[in-house]
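Report on one structure; see the data block that follows.
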Amino acid sequence: MKTKSNSTIPVQLYNFRIFRTLIISAIWFLIFALPSGAQNVINASGGMATGSGGNVSYSVGQLLNSFDIGSNGSVAKGVQQPYEISVLTDAETLKDNSLTFSLYPNPASDFLTLKVEGDNISGLFYRLLDTSGKLLGTGQLTGNETIIQMSSLPPSVYILKISSGSKPVRTFKIIKN
């Protein structure tokens, strides 16, 4: 007498195993295969520069970024920070001004030295602002050199505006390390 073997798997159990395999594969794909979204950008170019002082990665043509400001400072997420020194004053405001300004060191860490050369430096004052326009400090320019304290500020980009009365004279962009 021939007996039937139980080697065949019922169709319902077979479908459940396929379904379970698909679910496990989908979860694995979502966790490990998809990028997390952090630091993903489309760049025109970029790479890694190596020298005796260390390594630095760079990118050119970064399209998207976000900038968050909080009570403890600010952070630029997804952006490699630039090393940039610039003067933001329009040439129109300096037509009749015979003053020469120099600001150093920029990037700064503890303090800035603002040096002014010219005939009439009386009545000049400065205002230090963050990039959102919040006033962080003011002061009168004292003589040809004025020291501006930066040690209490978090690393970020700041704006230094120099004025004579209500007339803007010069504006600097400062990087604080």
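Can you tell me which residue in segment 154-168 is farthest from PRO107 (Cα to Cα), limited to those that are in a loop (DSSP other than H, G, I, E, B) and in contact (Cβ under 8 Å) with a residue 24 or more places away in the chain? The extreme case among them is GLY165.
I'd like to verify a number: residues in segment 129-151 that are free of Cβ contacts under 8 Å to residues at least 40 places away in the same chain and within 16 Å of ASN106 (Cα to Cα), how many? Within segment 129-151, residues that are free of Cβ contacts under 8 Å to residues at least 40 places away in the same chain and within 16 Å of ASN106 (Cα to Cα) number 6.
Among the candidates LEU129, LEU135, LEU94, single out the residue that is surrounded by 13 or more Cβ atoms within 10 Å (Cβ to Cβ), modelled with pLDDT of 75 or more and of a type in the set (A, V, I, L, M).
Details: LEU135 fails: surrounded by 13 or more Cβ atoms within 10 Å (Cβ to Cβ); LEU94 fails: modelled with pLDDT of 75 or more.
After ruling out the rest, the residue left standing is LEU129.
The values are calculated or read from the model by the stated rules, or taken from the named source; none is laboratory data. Because the structure is predicted, anything quoted here is derived from the model rather than measured. All Cβ positions, glycine included, derive from the backbone under ideal geometry; neighbour counts span all protein chains shown.
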